[in-house]
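Enquirer: Let me give you the structure first, and then I'll get to my questions.
The values are calculated or read from the model by the stated rules, or taken from the named source; none is laboratory data. Note that the structure is a prediction, hence the values are computed from the model and not measured. Every residue, glycine as well, gets a Cβ built from its backbone with ideal geometry; the counts of neighbours run over all protein chains shown. For the accessible areas, the whole protein counts, side chains as well, though only heavy atoms, and no ligand, DNA or RNA atoms are used. Shrake-Rupley method; radii C 1.70, N 1.55, O 1.52, S 1.80 Å.
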Amino acid sequence: MTFTKLGALFTLPTLWRYFLTQYIKVFSLSFFGFLAILLSMRLEDFAHFLSLGADLPATLLYMIYQIPYVLQIALPISSLIASLYLFQKLSQNSALTSLRAAGISLLEIITPLLLFSITLALITFYLVLDVSATSHKRAKELEFQLRSMNPLALMHNSKAMEEKGFNVDMKGSLQRDGKATDFIMAMRNGESDKIALFLAKNMKVDGTRLIGSNLSFISTFENEESNHFDHLVIENSKENLIQLQDLSKAVNTKRLRLSNDDMKLALLVAKKNDMQAKVEEKTFLGQRKRYVNRLLFRVQTEISRRISLSLSIVSFALLGAAFGTSFGRIHSRRRLIYALLLTSFFLFCFLGAKGMEGAVMPAVLLYFLPHLVLIGAAIFRLVRMQKGLQIS
């Protein structure tokens, strides 16, 4: 072993510490920046939560629950930006050229970056995504509890009411002032397409009750003797009351369900094994298994999504290192365009796979094919640069 190679070998730990320090600095800045941007993009969700009558502690808790959910997007993008910036900076100040002249290969230079990104990917897969699933479930539970406890707030949310088949108009605010006039509520009459109309001159909140005066209720019911018209029912009342608990059941037709996004990895694997056992059972009994297969495919694609999302930290780090590196006096910007196009390709495939939960093979292909393309393009560029071939 020559003295040059021996000196380079002892220099590597020092260089690795320097590379990791610089990488983590840029990674942290990018991470917190993207975290702030992604949270600001959810301002509409926060406003919707506030419109349900949430107080400040509940709103802050709801915002905290959103942080782990956006981490899974911020981590891969931050990994790309940090590695791209680091190796572009090392290329511009000729640090990489000096290291190459000292006999240190590109693989040895990017080794600490790969080790760090692999470690971060494992932590993301086994910990961060589980915390994200739990926080997403807690946020849904918090919103559901608020809807159940405060149906009056939901009545002032026109979009949410329209989704449930209601349309409410009034003068005043039952939630803020506790009273309103000229109250009009149109609702779907059962499972039919007919509309029922509820009118009240005055409405006021009294504890757990909603009291109305000068009421009218207009509805229809089918006439079995004729197919040409329905009976019209009009009911008037001087005063009546509605329990807020009953109103909550009426307007909260949606039930809280545990989706695959809300499950931890261990629960997802257990569900997958259970679905596979049911498929085998139905196959043995000769029963239809289409519905069970669909559930199994959704679980499998969710596991594939989490693996792909964690692996993207490594893929993006390698992509940034390859396309951030350049040698010579002329530093072309074309490589940054290539990196942007490859990143866009990954995001396009990832979002496409997200919408194909029922088709497991196409979804898995779209989740993992971009990784092969990104890693292949990065290795191809690194190998050519290692051989001394200048590429743009």
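Enquirer: What single numbered condition from (1) in contact with a Leu (Cβ under 6 Å, 6 or more places away or on another chain); (2) closer than 25 Å to residue 387 by Cβ; (3) surrounded by fewer than 21 Cβ atoms within 10 Å (Cβ to Cβ) fails to hold for residue 144?
Expert: (2)
Enquirer: Just for the range 182-212: of the residues that are polar (S, T, N, Q) and loosely packed, with under 14 Cβ neighbours inside 10 Å, which one is modelled with the highest pLDDT?
Expert: Per the stated criteria, the residue is 208.
Enquirer: Moving on. Looking at the range 221-231, is at least one residue at pLDDT 75 or above and more than 30 Å from residue 132 (Cα to Cα)?
Expert: no
Enquirer: State all residues of the range 66-101 that are open to solvent by 40 Å² or more (accessible area, probe 1.4 Å) and more than 14 Å from residue 18 (Cβ to Cβ); if no residue qualifies, say none.
Expert: 67, 69, 73, 81, 85, 92, 94, 97, 100, 101
Enquirer: Return yes when residue 341 is aliphatic (A, V, I, L, M), over 19 Å from residue 121 (Cβ atoms), modelled with pLDDT of 90 or more and assigned to a helix (DSSP H, G or I) and no when it is not.
Expert: The answer is yes for residue 341.
Enquirer: Is there a residue being open to solvent by less than 20 Å² (accessible area, probe 1.4 Å), within 29 Å of residue 121 (Cβ to Cβ) and of a type in the set (D, E, K, R) anywhere in the range 283-299?
Expert: no
Enquirer: Also, I was wondering about something else. For the range 102-123, state whether one or more residues are assigned to a helix (DSSP H, G or I), small (Gly, Ala, Ser) and modelled with pLDDT of 90 or more.
Expert: Yes; the residues of the range 102-123 include at least one that is assigned to a helix (DSSP H, G or I), small (Gly, Ala, Ser) and modelled with pLDDT of 90 or more.
Enquirer: So, one more: Being among the basic types (Lys, Arg) and within 27 Å of the chain's Cα centre (by Cα), is that true of even one residue in the range 299-309?
Expert: The answer is yes; a qualifying residue exists.
Enquirer: Okay, moving on. Taking the condition of being in a helix (DSSP H, G or I), closer than 18 Å to residue 309 by Cβ and at pLDDT below 85, how many residues in the range 256-279 meet it?
Expert: Of the residues in that region, 3 qualify.
Enquirer: Could I ask something else about it? Would you check if there is a residue in the range 290-309 being touching a Ser or Thr at 6+ places or on another chain (Cβ under 8 Å) and not charged (D, E, K, R)?
Expert: Looking for residues that are touching a Ser or Thr at 6+ places or on another chain (Cβ under 8 Å) and not charged (D, E, K, R), one finds at least one in the range 290-309, hence yes.
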